[in-house]
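Have a look at the structure below, then the notes.
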Amino acid sequence: MSLVEAKVGSVYRVTQMLVEQKILRRLEALGILEGTRIEILNRKRNGATIIKVRGARWALGSDIASGINLEDYTA
Amino acid sequence: MKNYISVAFVGNPNCGKTTLFNAFTGANLKVANWPGVTVERKEGETSYKGQKIKLIDLPGIYSLTSYSMEEKVSRKAILDEEIDVIVNIVDASAMERNLYLTLQLLEMGKPVILALNMMDIVEERGMEIDLHRLPEMLGHIPVVPVSARKRTGLDVLLHAVKHHYEEQNTDPVVSYTPDIEDKIEVLEHMLHEKWPEDTNLRWHALKILENDEEILKEHPLDTSEVVDKNYEKIIINQKYDYIEEIVEETLFYKNQKEEKTEKIDRILTHRIWGVPVFLGIMALVFFCTFTVGDAVKGIFEAGLDYAFAGMTHLLTSLHASDWMVSLIVDGIMAGVGGILTFLPNIFILFLALAVLEDSGYMARVAYVMDGIMGRVGLSGKAFLPMVLGFGCTVPAIMASRTLEKESDRKRTMLLTPFMSCSARLPIYVLFADMFFGKYAMIVAFSLYALGLVMAILLALILRKFSKSKGEANLLIELPEYKTPNARTIWIYVWEKVKDYLTKAGTTIFVASIVIWFILNYNTSGMVTDVTTSFGASMGKWLEPLLAPAGLGMWQIAVALISGLSAKEVVISSFSVLYGISNINSLEGMGQLSQILAGQNFGALNAYALMVFCLLYTPCVATLATIRKETHSSKWTMMTVFFQLAVAYLAAVLVFQIGSLF
């Protein structure tokens, strides 16, 4: 499922990132990679989502969020 | 041989780097740009036990790749010989993210000292950090707990700088998997053969594996046999794996509490309440600007009256000639002094903006406004320069640098001047007070709202005409909320107050003299009747053009033209034009409104005037900034005419529709 469909308050794992090359490299440097654990904190009606990754909070616009695919997190 | 140690401050955005830097240097800093790029460079000085230490504040960055200007600048500066030692500021409450930069810094080979900031938040959250194990896992670099806000640990940090600035890091901190380590070794050999002088071979080898553009350009090597693909992702992953190890071994949770930030965010970033809360906060800011500012204003006015009396007395006792008295009292003092009485309003406005910024709320505004901005084809991030525009358009235009796409940046620059800056504030304070009495504040609010609505409306129209599709690629960190730091706020506000005073002493000073001159002279010398002056003839020529907007008075034409130097000058011009000594006082306002009423200038005209002042061509300083940031005179000229047209149309509409009732 894509990050815009993920449930607020739940924890997921990144499986795939289909975003622009430039943004992909930025996300990777921030520690958002395939396999990373992501917590969904909040979402706006337009799809912009607040996530928590490695102890930091990020707001992602809907274009970026819809390009990130997730699966349920199992420890 | 230089006699000082130069220290670079490096850290993530929001790690408290600037607060720490300010704690050492105070407001005494040199601010410039890095050569060739529009990235700010701050420099200060301190000393420790007789040792002079030069501090250089590098831009806040998350990593040391070469994707952004900030990262490139930082990387170059660190590799540069000028810098002896790096102080890496790490937000202890967000170690996992902050340590990534640390690991990259360590690989570069320069001595690194870790300043562990925000330990108080760590404690507050019931966490503990093992300060013995942490340095062990980071190649035994000095780790110094500091609090930038409480100003503790500062001496210990300087002590570490003085004693460790010559220690190079030699042992690798992160060991990668054997296949990568093998490749690093091969590359190190190849690099050493071709560039025997290079010292940080490991770093260069890693960068070649990561396919780093800049390093590949500087070190052209045929590495096709070693580097079969881009290893960047693998290297990043392994660094984060190591960070996870560090966190596991050094960070302990005793009794983790729910984070304050999350609680606050539930309200401030609420999917429905987020926008109303933001608008409410802004309304509160303007309310304070008007009421508190007005309360203090009295003192300033009394002071100004006193100064007027004193100066007139002094000049007459010196038997100064009439024109001299007129120039100083009616020209300079009326023009400059009138502007100074608005200082309390300006002060409160910037204080409020500083608090919003330092508390961590601003980043939330980008998220909250992402929906609305998305509709006009911009990301929520583009709204941040616009909010700053309520303070001053010049830094706001510069803040649009944070937007990546050139077209987004240009559009934001076109819209930002519609945000009502603090220079326009005196115009509203004065005219709203004079003509709208107890409704003054509502009238002033309506102008702020109008600016915002106009900006969004125009963005919508512009979007229809532009080919590029808007992207919703917001990516911004939402930092921990914190109590604003008094020192940081003070430095910020003081800078703005200083700017305002400087402007009063320079631009407004000169403009006042020029206005006085054109109003008191014509080709045959000094005039006794102002209507025969240069200014009057120039203004009269524009009268018919301004008449449909209810502004068909030559005095207003003169005031508006002089307002191009700085918008406050509109007020200065009125003071000089009508010879009112203390325009912002009750007495001064009474005088002015009486004169204006005599010229058939009523509330509707006043509102049209305020609308025009809100929207028309920004001041020269803003135009110069737009020119500098866009590198395009054409674009700048377009801004000039575009805004002039918008202002004219809006003022005409207001006046014509208003006249129907």
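Coordinate-derived values only; no laboratory data. Note that this is a predicted model, so its numbers are computed, not measured. All Cβ positions, glycine included, derive from the backbone under ideal geometry; neighbour counts span all protein chains shown.
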**Q.** Cα pair distances in region B:245-365, grouped into 5 Å bins until the bin that holds the longest one, percent each
**A.** 2, 9, 12, 11, 10, 9, 9, 8, 7, 6, 5, 4, 3, 3, 2, 1, 0
(Q) Sorted from largest to smallest, which semi-axis lengths in Å does the alpha carbon gyration tensor of chain B give for its equivalent ellipsoid, taking the root of 5 times each eigenvalue? (A) 54, 27, 25
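I want to verify the translational diffusion coefficient of region B:135-261 in µm²/s; compute it with Stokes-Einstein, Rh as the Kirkwood radius over Cα pairs, at 20 °C and 1.002 mPa s.
Numbers: Rh = 17.8 Å.
Once the numbers are plugged in, D ends up at 121 µm²/s.
Treating only the Cβ atoms of Lys and Arg (+1) and Asp and Glu (-1) as charged, compute the dipole magnitude of region A:11-72 about its Cα centre; round to the nearest 20 debye.
On the way: 11 positive and 7 negative charges, 63 e Å.
For region A:11-72, the charge dipole is close to 300 debye.
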Q) If you average 1/r over every pair of different alpha-carbon atoms in region B:4-164 and take one over that average, what Kirkwood value in Å do you get? A) 15.8 Å
Q | Global geometry of region A:11-72, whether rounded, prolate or oblate, following the gyration tensor of its Cα atoms and the 1.5 cut on a/c | A | rounded
Q: Determine ³J(HN,Hα), in whole Hz, for all residues of region B:133-138 in sequence, where each value follows from phi through the Karplus function 6.51 cos²θ - 1.76 cosθ + 1.60 and θ = phi - 60°; x replaces Gly and Pro.
A: 6, 4, x, 4, 7, 10
Q: Return the whole-Å distance between the Cα centroid of region B:56-85 and the Cα centroid of region B:484-540.
A: 41 Å
Q. What does the helix-only formula give at 222 nm for chain B: each DSSP H stretch with n ≥ 4 adding -39500 (n - 2.57), the total divided by the residues, and the result rounded to the nearest 500 deg cm²/dmol?
A. -18500 deg cm²/dmol
Q) How big is the convex hull of the Cα atoms of region B:60-136, per residue, in Å³? A) 93 Å³
Q | Residue-by-residue Karplus 3J(HN,Hα) for region B:529-536, coefficients 6.51, -1.76, 1.60, Hz, glycine and proline x | A | 9, 4, 5, 9, 6, 3, x, 5
Q: Give me the percent of DSSP beta bridges within the protein assembly as shown that run antiparallel, rounded to the nearest 5.
A: 65 percent
Q: Can you tell me the 0 to 90 degree angle between the C-alpha axis of helix B:440-465 and the longest principal axis of chain B, rounded to 10?
A: 60 degrees
**Q.** Relative compactness, the protein assembly as shown, computed as alpha-carbon Rg over 2.2 N^0.38 Å
**A.** 1.08
(Q) For chain B, take the longest principal axis of its alpha carbons; what is the angle in degrees between that and the long axis of helix B:620-630, to the nearest 10 within 0 to 90? (A) 30 degrees
Q.
For a quick size check, give me the Cα extents of region B:178-253 along its three principal axes, largest first, whole Å.
A. 49, 26, 23
**Q.** Rg in Å to one decimal, and Dmax rounded to a whole Å, for region B:406-564 via C-alpha atoms
**A.** 21.5, 67
Q: Work out how much length B:L545 to B:S466 would gain on full extension: take 0.36 nm times their residue separation and subtract the Cα-Cα distance, in nm to one decimal.
A: 25.3 nm
